[in-house]
């Protein structure tokens with residue numbers, strides 16, 4: 001019998017090593033049979049692809065090039081910390097909640113959380129045609145800019161812009177595509193994404209996930225029994241949803257499955273090794289060529305593997321199992337051979353049971369609704385997922401301190417599930433939730449607030465937006481968990497979160513930025529103030545410096561629990577991060593501060609590799625003095641000017 005390495009070596013081609021390296025870096029360009037999809041790779045290299053507009057709705061959907069471009073764009077927003085929450089109840093929390101457009105949030109998170117998220121669950125809009133989805137992008141580019149970007153004609157520009165406010169398949173795909181591309185980037189190499197969907201977009205979602213994550217990284221699809229009651233308004237009652245499962249890298253997938261059940265293991269022959277069960281001896285033919293007869297010593301009958309199958313062990317392996325009493329020919333010694341598998345062996349190995357693709361007995365949307373009613377005393381959110389479902393999915397991929405993300409947070413069921421699991425198994429999973437501040441009301445022509453369709457209960461309960469429901473759900477759920485687990489709750493239980501709002505700068509600030517001349521010797525406008533929560537017209541008590549620093553830390557790849565130290569230069573406060581970077585944001589820096597900084601750097605009282613400054617707070621003279629001083633240092637310190 002050949003060793004595994006010998007078998008593998010027999011299949012090696014001249015380009016195998018190159019293809020293996022390519023597959024490791026770009027698994028999405030390989031098909032299920034392991035071959036490289038050259039056409040798909042060639043299409044990604046194209047700068048422009050107008051076939052999507054001439055061919056209509058296929059995988060080359062209207063808006064695909066635009067969606068691809070969005071996946072590569074930098075954020076156009078800033079991150080405003082909620083200082084009241086973050087310095088109050090969330091002070092020591094490592095959980096994060098972002099209010100804002102999830103595409104912008106993902107762009108901000110990409111640098112700091114690249115390949116760090118272990119589990120992603122999302123429940124995006126299903127695009128049922130019942131006003132649950134409209135494409136939100138307003139195409140801020142002019143027609144001429146769009147023409148230049150994508151090489152389009154006037155008629156094609158109009159077709160592209162037709163998806164604005166649309167609920168077409170192309171509009172939905174254009175919306176989902178860039179979000180999934182960035183989601184893949186932040187997933188860890190062993191990570192998993194779960195995506196809940198129904199029939200309306202299932203096939204389209206499967207297609208773009210195959211393209212983005214790679215067909216080979218498709219794990220499977222769970223069919224979740226989301227309701228048990230029968231509906232009589234259609235020929236077949238729709239009682240299920242789908243949950244697509246993709247790995248970042250199927251070869252490194254971290255997957256635990258269901259816990260072992262001792263009920264399956266018995267000990268009818270009083271084997272001293274304890275309870276056991278019978279498992280098949282045969283295996284997939286692709287694994288080798290171990291085909292031979294196994295004789296039942298009690299009956300003399302010879303057995304071979306089933307058609308197109310092999311034995312899972314070679315002759316020596318089968319003999320060892322026979323000698324050890326680990327092979328039985330059925331419970332009555334009258335059927336094909338099977339292996340005795342002992343429960344204690346599987347427990348010692350940390351084995352798990354392979355789950356079924358059918359998810360039953362994990363709660364329904366009715367159970368999710370009942371959880372909302374218990375927490376809020378009202379049905380303030382429609383069709384929430386039950387925590388029992390989310391707990392099951394998270395346990396498949398997470399055991400300890402991994403990060404779980406949901407960027408369509410809704411009622412924050414995922415956060416609730418993470419906290420419940422941590423209370424049960426004393427793990428330290430962390431969550432990142434993202435929710436758009438979708439209003440629960442609109443204003444009529446008289447300017448009066450009127451509850452939106454389906455949101456009256458939430459509005460009457462005092463919630464003006466969905467993200468408010470999400471955050472309050474986390475608070476109330478954490479309180480309930482503490483009450484239910486008073487004696488057993490782990491000391492390090494994290495039942496809170498830090499909160500950030502991701503918003504666009506106001507028009508006045510943008511105009512000031514546009515008019516700013518870095519060569520002016522005087523500064524006429526304090527640009528920092530334009531980024532305070534008050535100027536941005538959001539709650540949170542954040543100063544402009546807080547917003548700019550938070551946004552920059554994310555841009556520079558720091559996580560949101562990074563330690564930031566205040567450094568004083570006279571009456572000027574700077575911020576140092578990990579002995580690596582020094583941030584100068586506010587106005588007020590002058591010659592005295594430059595001399596003090598250079599002195600501390602030259603005498604090694606301060607160790608940094610770069611100084612990052614907010615260019616709008618420095619006139620040209622201050623900049624030149626600082627720049628020239630840093631150049632004269634023996635140790636190289638880079639000056640980074642940002643505008």
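Each reported figure results from applying straightforward, stated rules to the coordinates on display, with no laboratory input. Computed from a predicted model, the values in this text were never measured in an experiment. Note that we place each Cβ from the backbone using ideal geometry, even for glycine, and neighbour counts take in every protein chain shown.
Given axes a ≥ b ≥ c from the Cα gyration tensor, I'd like to know whether the range 248-354 is rounded (a/c under 1.5), prolate (a/b larger than b/c) or oblate. Note, shape of the range 248-354 comes out oblate. Axis of helix 169-186 versus longest Cα principal axis of the chain: the two differ by about 90°, to the nearest ten degrees. If the chain linking residue 256 and residue 559 were pulled fully straight, counting 0.36 nm for each residue of separation and taking away their Cα-Cα distance, it would gain 106.3 nm.
Arranged from fewest to most other beta-carbon atoms within 10 Å of their beta carbon, 215, 134 become 134, 215. In the frame of its principal axes, the range 452-522 has Cα extents of 65, 40, 13 Å, reported largest first.
Dividing the helix sum by the residues of the chain, where each DSSP H run of 4 or more adds -39500 (n - 2.57), gives a mean residue ellipticity at 222 nm of -10000 deg cm²/dmol. Could you tell me which label, among [x] 97, 80, 55; [y] 74, 52, 50; [z] 101, 68, 65, carries the value of Cα extents along the principal axes in Å calculated for this structure? Recomputing Cα extents along the principal axes in Å here picks out [z]. Working from label points 7 Å from Cα in the Cα-to-Cβ sense, the residue 517 to residue 84 distance is 4.2 nm.
Quick check on the range 507-642: take the gyration tensor over C-alpha atoms, sort the square-rooted eigenvalues as a ≥ b ≥ c, and tell me if it's rounded (a/c under 1.5), prolate or oblate. Oblate is the answer for the range 507-642, as a/c is 1.5 or above yet b/c matches or exceeds a/b. Our Cα-only numbers for the range 83-194 put the radius of gyration and Dmax at 17.8, 55 Å. Taking the inverse of the mean reciprocal distance over all distinct Cα pairs, the Kirkwood hydrodynamic radius of the range 183-231 comes to 12.7 Å. With R₀ fixed at 35 Å, the C-beta to C-beta distance from residue 324 to residue 31 puts the FRET efficiency at about 0.25.
With only Cα atoms counted, the range 340-429 has Rg and Dmax values of 15.7, 53 Å. With neighbours defined as other Cβ atoms within 10 Å of a residue's Cβ, the residues 318, 223, 640 order from fewest to most as 640, 223, 318.
One decimal place: the segment residue 76-residue 635 gains 197.8 nm when fully extended, by the rule 0.36 nm per residue minus the C-alpha distance. The alpha-carbon positions of the range 360-399 define a convex hull whose volume is 71 Å³ per residue. Summed over all non-identical Cα pairs, the Kirkwood treatment of the range 150-297 gives a radius of 20.6 Å. Report the normalised scattering of the range 375-505 as log10 I(q)/I(0) at q = 0.10, 0.16, 0.22, 0.23 Å⁻¹, calculated by the Debye formula with identical scatterers on the alpha carbons. Taken in order of the listed q values, log10 I(q)/I(0) reads -0.36, -0.83, -1.32, -1.39. Quick one, what does Rg over Rh come out to for the range 299-456 if you take C-alpha atoms and the Kirkwood Rh? Ratio of gyration radius to Kirkwood radius: 1.25. Packing order of peptides 291-298, 483-490, highest average first: 291-298, 483-490 (average count of other Cβ atoms within 10 Å over each peptide's residues). Just to confirm the number: angle between the C-alpha axis of helix 466-484 and the first principal axis of the chain, 0 to 90 degrees, nearest 10? Around 60 degrees separate the two axes.
If the segment from residue 373 to residue 155 were pulled out straight at 0.36 nm per residue, it would be longer than the present Cα-Cα gap by 73.4 nm.
Peptides 182-188, 276-282, 257-263, 239-245 ranked from most to least packed by the mean count of surrounding Cβ atoms within 10 Å: 182-188, 239-245, 276-282, 257-263.
Against the main long axis of the alpha-carbon atoms of the chain, helix 365-376 sits at an angle near 40°.
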